[in-house]
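FYI, it's all coordinate maths here, none of it is from the lab. Owing to the predicted nature of the structure, the values given are computational and were not obtained by experimental measurement. Quick reminder, even Gly has a Cβ in these numbers, built from the backbone with ideal geometry, and neighbours come from all protein chains shown.
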Amino acid sequence: MKLIVCLDDKNGMLFNHRRQSRDQNVTADILAMTAGSRLYINAYSAPLFEGQAVTVAEDMLSLANEEDYCFVENLHVAEYADRIKEVILYKWNRRYPGDFFFDLDITDPRQWQLSSAVKFAGNSHETITKERYIYADKN
Amino acid sequence: MQTRIKKLLVLLLSLCLLFSGCAGIEATKNTAEEPAVTKSESTAPKTDPTEFANETPAESASKAPATFSPDQIPAYADDPFIALHNNEPYFDIADYAAKSFETYSELDELGRCGTVMACVGKDLMPTEKRGNISSVKPSGWHSVQYDFVDGGSLYNRCHLIGYQLSGENANERNLITGTRSMNTEGMLPFENMVADYVKETGNHVLYRVTPVFQGNDLVARGVVMEAKSMEDNGDGVCFCVFAYNNEPGVTIDYATGASTLSSASAATTTQKQTTTQKQTTTQNQTTTKKQTTTQKQTTTKKTVLTGTGSYILNTNTKKFHNPSCSSVKQMNESNKWEYSGSREEIIGMGYDPCKRCNP
C-alpha cells in the first residue's frame, strides 16, 4: 500500500485525540495524486473529504492492496510495515503539541529512498513539504 | 515671546493628536468593513483553584478558576508541558459568543500579569510583522545569557496571548518573564496550533492563559493554557495544559528572577551575565543570523536528491522549469512549487517541460 501521513517537525500526528493541523491545499493535492486509484480513509478523516470519491474503512491497513493509497491520521502503522511500499509525507514545517506520533522508521536509506521532495504554499501554512519515500530493501 | 507661544501651541496640539490617536487604536483594531473587536481590561477573578482539584471537567466546566496554585501542578519531569483537567478547559464555551475579543488583567501590586483571555478569530490576528517589545520590563526581568540556551538569552518577554493570535506588541499586561524553553517548547506549539486552525477554518477559538505565581514571586512558575474551538464545540482544538517556566541546566530563583547554573551544568558550561541592553541586542542579532543561515543550509540540503534535479513547477499552467528560467520570475508565488526529483516523475504528474528553458 501507499501510505499518506501529515507530520509536524517532531513527527507528531495528533494531540488530545485531534489532528495537529489541516490544510485544504493538502487535501486537494491528495485527491489529485490519488485520482484513478483507490484512496482509503477511516471515519475520523471523513470530514476532510466530504463529497469526494474515497473509501471509508476502519481496517484499511489490512484491506489495502499494493497500489491503494491509505490516508492515516490516527493509527499506528508499524505493524503493517511489510505491506507498505511507499510513504508520502506532508510536512507542516511547524511545531505543534503532540502525543501521538508516526511510528514507521523510514530513516534508513538502505530501506527507504527519498524519491522526490516538493515545497508548496498551503492555504493556512506558509510552506508545506511533500516527500515521497519508496521502499527499496537493499539488505 | 510670540515664537515661544507658537511653540507651546504646537506642542499642545501634538499631544492632543497623540492621545486621541492612541485611544482610537486601543478601541478598534479593524477596518470599517470588519466587525470591531471588543477589547477590554479586567482584573483576575479571585477564585480558589483548590476547589476544582477533584472535580471532573463536566462538573466544573462552567466554573472558571483564573488563578492556580503551583501546588496543583505536577512536578516538572522533562516535558515542557503537562495536560491538566483531562485536557478540558475550565471555561464553558456556551458562556461566550463566537465573536473576537481580548481581555487583559491589570498588573497587580507587584507589577505582575494576571489572566488574559481572548476569543481568537481571523479579525484579531495581526497583519503586520511584530514590533519592538523591549521597552517592557516584566516582573522579575533579568537580561542574562547562557551559551547553551537556544538564542543565548535565558529569558524572553513571553506573550501570554501570542503575537500571532492577537497582534499585541508592547502590552505590559500581556508580557511575562519566561524562559526560552517555556516560550518556544511550552507555549509556541499551542499558539501555532490555534493560529493555523483559525486561519484554515475561519472559526473562533476561546483561549485563556493564566500565569501561576507562588506567593510573592516575581517570576511565574509557568502558565496554564486553555483553548477550545467554538463553532465545532472543540472538535478542532481543545486543550488545557500547564507549560513549565523552566530552563534545563539553570536554577531559577522565582522570587526575584535571579538565576545560576545548575550544579550538573556548571562543570561544562560558562555563564555570561550581560550588563547592558546594547550588548544583549547585538548578541541576539548575531545568534539569530547564525541560526537562520544554518537553518537555510539544512533545508537546501534536505531537498536535493542524488541523481535528480531541482525544478520549479507552475501548478496553474502545468509547466515545469529550470530554477534559472526567466519565466520563474514572472510566476505567481501561489502557483510556484519547488520540486526535487526526476524529470520523468514530473512528466508523470501531468506537467510539460517549458519550451523556453527546456528542462
*Where the centre of each part is set by its Cα atoms, how far does segment A:26-51 sit from segment B:160-239, in angstrom?*
32
*Give the long-range amide H neighbours of A:Ser115: residues separated by 5 or more places, or on another chain, with amide H under 5 Å away, using H modelled in the peptide plane at 1.01 Å from N.*
A:Arg132, A:Tyr133, A:Ile134
*If you put +1 on each Lys and Arg Cβ and -1 on each Asp and Glu Cβ, how big is the dipole of segment B:309-353 around its Cα centre, in Debye rounded to 20?*
140
*Between the alpha-carbon centers of segment A:118-139 and segment B:79-104, tell me the distance in whole angstrom.*
34
*Can you pull the mean other chain C-beta count within 10 Å for peptide A:92-99?*
6
*Given A:Lys10/B:Lys99; A:Lys91/B:Lys99; A:Lys91/B:Lys319, which pairs have Cα atoms separated by over 27 Å?*
A:Lys10/B:Lys99; A:Lys91/B:Lys99
*How many partner chain Cβ atoms sit within 10 Å of a residue's Cβ in peptide B:192-199, on average, as a whole number?*
6
*Within 10 Å, count the other beta carbons around each residue, average over each peptide in B:343-356, B:200-213, and list them highest first.*
B:200-213, B:343-356
_Semi-axes of the equivalent ellipsoid for segment B:134-254, please: Cα gyration tensor eigenvalues, times 5, square-rooted, ordered largest first, whole Å._
27, 14, 14
*Over chain A: helical MRE at 222 nm, DSSP H runs n ≥ 4 each giving -39500 (n - 2.57), nearest 500*: -3000 deg cm²/dmol
*For chain A, the Rg and Dmax computed from alpha carbons only, in angstrom*: 14.1, 43
_Ordering of B:173-186, A:80-93, B:232-245, B:126-139 by burial proxy (mean other Cβ atoms within 10 Å per residue, highest first)_ = B:173-186, B:232-245, A:80-93, B:126-139
*List the aspartates and glutamates whose alpha-carbon lies under 15 Å from that of B:Lys318, not counting same-chain residues fewer than 8 positions away?*
A:Asp29, B:Glu333, B:Glu338, B:Glu344, B:Glu345, B:Asp352
*Partner chain Cβ atoms within 10 Å, averaged over the residues of A:115-127 - can you pull that number for me?*
6
*Using the Karplus equation 6.51 cos²θ - 1.76 cosθ + 1.60 (θ = phi - 60°), what ³J(HN,Hα) coupling, rounded to whole Hz, does each residue of segment B:183-197 give in order, writing x for Gly and Pro?*
5, 8, 9, x, 9, 4, x, 6, 5, 4, 4, 5, 4, 5, 5
*Please state, rounded to one decimal and in Å, the Kirkwood hydrodynamic radius that segment B:309-353 gives when every pair of distinct Cα atoms enters the mean of 1/r.*
10.2
_Those aspartates and glutamates that a straight Cα-Cα span of less than 17 Å connects to B:Lys122, excepting residues fewer than 8 apart in one chain_ = A:Asp23, A:Glu126, B:Glu33, B:Glu34, B:Glu102, B:Glu168, B:Glu191, B:Asp196, B:Glu200, B:Glu231, B:Asp232
*Electrostatic dipole magnitude of chain A [Cβ: Lys, Arg +1; Asp, Glu -1; Cα centre; debye, to 20]*: 420
_Under 8 Å for C-alpha pairs, at least 6 residues apart: give me the relative contact order for chain A, rounded to a whole percent._
34
*Using the per-residue mean of other Cβ atoms lying within 10 Å as a proxy for protection, in what order, highest first, do the peptides A:24-32, A:55-63 fall?*
A:24-32, A:55-63
